[in-house]
Amino acid sequence: MKKRKAVFLDRDGTIIVHEHYLSSPDQLKLSPNASQGIRLFKEHGYLAIVITNQSGIARGFFDEERLMLIHEKLTNMLKNEGVLIDDWYYCPHHTEGVIEHYKVDCDCRKPKPGLILSAARKHHIDLAQSLMIGDAETDMLAGKNAGCTSILIRNVCTESTNTASISGMDYVVKDLLEAAQLFIRLKN
Ligand SMILES: [Mg+2]
Ligand SMILES: [Zn+2]
């Protein structure tokens with residue numbers, strides 16, 4: 001069976017506008033050019049898979065049921081733009097959490113590659129041909145730790161940080177559409 005290639009996508013600050021511990025579907029707002037970018041990747045044969053740290057669950061700010069509602073709404077928002085996400089992975093853990101069940105030093109919280117590796121096994125993904133895109137160093141390192149190419153999105157959160165101080169990234173772009181255009185140009 002031929003292996004697939006995938007684009008692994010951070011959620012907050014990448015697909016949607018960053019909100020501190022977003023806990024309600026009403027707070028969802030798509031980032032500029034996000035749906036266009038994901039659509040272009042998909043048209044070129046990439047699976048689109050969300051990889052997100054949601055320590056707000058361990059911290060007791062919201063529960064997994066609430067996260068499902070948020071992802072359901074986001075699924076519909078993207079569907080309205082003609083975009084279908086192939087799978088969703090999240091890490092609910094944090095070592096400083098207050099909910100005992102999630103207070104663990106897990107293998108899935110980015111920069112660890114656990115979520116990407118799980119997705120790769122399930123979907124038969126060739127990681128060397130795949131990309132991790134996000135707006136933080138943890139995303140870049142998770143991509144590297146999994147053997148992917150890492151692309152940094154420079155948004156309002158990263159703009160204040162000197163991007164030269166961020167390690168692990170291979171490319172810097174302004175949004176998901178620029179990432180998709182860059183990659184399609186490089187691979188053709
Ligand atoms: Mg982010
Ligand atoms: Zn985890």
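The values are calculated or read from the model by the stated rules, or taken from the named source; none is laboratory data. Just so it is clear, the model here is predicted, and its values are computed rather than measured. Ideal geometry is used to build each Cβ from the backbone, glycine not excepted, and the neighbour counts take in all protein chains shown.
Looking at 116, 151 in this structure, which one is among the β-branched types (Val, Ile, Thr), under 16 Å from the mean Cα position of the chain (by Cα) and over 18 Å from residue 18 (Cα atoms)?
Just one listed residue meets the conditions, 116.
So which residues in segment 41-62 are surrounded by fewer than 19 Cβ atoms within 10 Å (Cβ to Cβ) and not in a loop (DSSP other than H, G, I, E, B)?
If the condition is that a residue be surrounded by fewer than 19 Cβ atoms within 10 Å (Cβ to Cβ) and not in a loop (DSSP other than H, G, I, E, B), then 42, 43 are the ones that fit.
Residue under question is residue 116, and the condition is that it be at pLDDT 95 or above, within 16 Å of ligand 1 (Cβ to nearest atom) and under 28 Å from residue 40 (Cα atoms); does it hold?
Judged against the criteria, residue 116 is a match.
What number of residues within segment 74-92 are within 16 Å of ligand 1 (Cβ to nearest atom) and hydroxyl-bearing (Ser, Thr, Tyr)?
The number of residues fulfilling the criteria is 2.
List pairs: first residue in segment 36-60 and at pLDDT below 95, second residue among the aliphatic types (A, V, I, L, M) and surrounded by fewer than 24 Cβ atoms within 10 Å (Cβ to Cβ) anywhere in the structure, Cβ distance under 8 angstrom, at least six positions apart or on different chains.
From segment 36-60, no pairs qualify.
What number of residues within segment 174-188 satisfy the criterion of being within 16 Å of residue 39 (Cβ to Cβ) and out of contact with any Pro (no Cβ under 8 Å at 6 or more places or on another chain)?
Total meeting the criteria: 9.
Among the residues that make up segment 118-127, is at least one of them assigned to a loop (DSSP other than H, G, I, E, B), free of Cβ contacts under 8 Å to residues at least 40 places away in the same chain and closer than 22 Å to residue 138 by Cβ?
No, because not a single residue in segment 118-127 is assigned to a loop (DSSP other than H, G, I, E, B), free of Cβ contacts under 8 Å to residues at least 40 places away in the same chain and closer than 22 Å to residue 138 by Cβ.
Any idea which of 106, 91 is hydrophobic (A, V, I, L, M, F, W, C), within 21 Å of residue 146 (Cα to Cα) and surrounded by fewer than 18 Cβ atoms within 10 Å (Cβ to Cβ)?
106
With within 16 Å of residue 133 (Cβ to Cβ), more than 16 Å from ligand 2 (Cβ to nearest atom) and modelled with pLDDT of 95 or more as the only criterion, which of 15, 70 stands out?
15
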